[in-house]
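Notes to accompany the following structure.
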Ligand SMILES: Cc1ncc(C[n+]2csc(CCOP(=O)(O)OP(=O)(O)O)c2C)c(N)n1
Ligand SMILES: [Mg+2]
């Protein structure tokens with residue numbers, strides 16, 4: 001971490017996130033890197049609650065509340081207005097949840113990425129519609145408990161980074177508060193690239209994941225170290241690069257600390273482990289020739 005970034009804070013204390021909120025920690029780190037020349041776009045989600053409204057705003061930078069399905073084009077519009085004004089030193093940044101990204105905002109994100117509009121999109125993925133009471137989204141993993149999937153979700157988590165890579169945008173990456181230096185390095189990189197940049201962050205939610213609030217950073221770290229949420233970047237949709245070599249811990253190290261997996265049988269866990277191992281192999285195959 002660069003020392004000056006470490007000192008900077010663009011989120012005020014006293015905001016309304018639940019204790020241990022992974023979204024709040026992620027936003028804090030992102031804003032430390034982007035700094036005061038940033039305009040934030042937010043859409044309905046826990047972020048909408050955390051950021052609050054004037055005069056109680058949480059962010060120390062301008063924040064535009066937009067509609068649920070249009071985080072990306074709103075940021076793109078701001079970026080284009082900044083370009084017309086000759087203010088390309090200001091970063092347009094969108095924060096949206098997994099519901100706002102994987103589901104309801106997908107079409108408008110796809111359009112903005114196709115135009116290669118100049119903004120950073122940070123998806124805060126807590127694997128459900130948390131703000132409205134823990135309903136399942138297309139990001140909720142198979143078998144996981146939510147209020148709308150009391151017996152475990154039937155569908156499987158959408159492989160969203162594959163959809164993003166298909167757009168061939170200049171920069172896309174996964175990131176996690178469990179590995180803050182890696183996250184901040186990716187934001188720093190995104191800041192200096194022109195066009196659409198997408199960062200997929202896994203943001204643990206103690207409320208929805210049914211776990212103690214002090215385990216958020218640990219859960220984020222374990223998702224990476226079990227290979228369930230690998231850290232990598234994709235340049236121009238084709239060049240894959242793994243940015244952190246995971247320890248390869250058993251996947252239950254991640255699942256056993258969360259109540260939403262409590263009903264998993266040994267067989268369920270073995271199936272999940274096989275899937276994680278297969279996907280890791282597929283990812284490694286895509287990185288051939290690219291070094292850490
Ligand atoms: C068009 C529209 N549909 C539904 C809602 C209600 N709504 C507000 S926040 C939210 C949940 C958002 O979930 P997600 O995007 O995953 O963000 P999280 O709350 O988990 O951070 C929903 C369904 C809305 N505001 N607008
Ligand atoms: Mg969510």
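The values are calculated or read from the model by the stated rules, or taken from the named source; none is laboratory data. Just so we're clear, the structure is a prediction, and the values are computed from it rather than from any experiment. All Cβ positions, glycine included, derive from the backbone under ideal geometry; neighbour counts span all protein chains shown.
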Hits in segment 220-255 (condition: in a helix (DSSP H, G or I) and in contact with a helix residue (DSSP H, G or I) (Cβ under 7 Å, 6 or more places away or on another chain)): 220, 222, 223, 252, 253, 254, 255
Segment 260-269: number of residues that are surrounded by 13 or more Cβ atoms within 10 Å (Cβ to Cβ), assigned to a helix (DSSP H, G or I) and out of contact with any helix residue (DSSP H, G or I) (no Cβ under 7 Å at 6 or more places or on another chain): 1
Residue tally, condition assigned to a loop (DSSP other than H, G, I, E, B), within 17 Å of residue 255 (Cβ to Cβ) and within 15 Å of ligand 1 (Cβ to nearest atom), over segment 137-153: 5
Selection status of residue 98, closer than 28 Å to residue 211 by Cα and either modelled with pLDDT under 95 or surrounded by fewer than 21 Cβ atoms within 10 Å (Cβ to Cβ) (or both): no
Subset of segment 91-111 [within 16 Å of ligand 2 (Cβ to nearest atom) and not in a loop (DSSP other than H, G, I, E, B)]: 94, 95, 96, 97, 98, 99, 100, 101, 102, 103, 106, 109
Wholly within segment 1-90, helices (runs of 4 or more DSSP H) carrying at least 2 residues that are closer than 17 Å to residue 191 by Cβ and at pLDDT below 95: 3-7
Subset of segment 178-188 (residues that are part of a helix (DSSP H, G or I) and crowded, with 17+ Cβ neighbours inside 10 Å): 180, 182, 183, 184, 185, 186, 187
Residues of segment 199-219 classified as touching a helix residue (DSSP H, G or I) at 6+ places or on another chain (Cβ under 6 Å) and surrounded by fewer than 20 Cβ atoms within 10 Å (Cβ to Cβ), total: 2
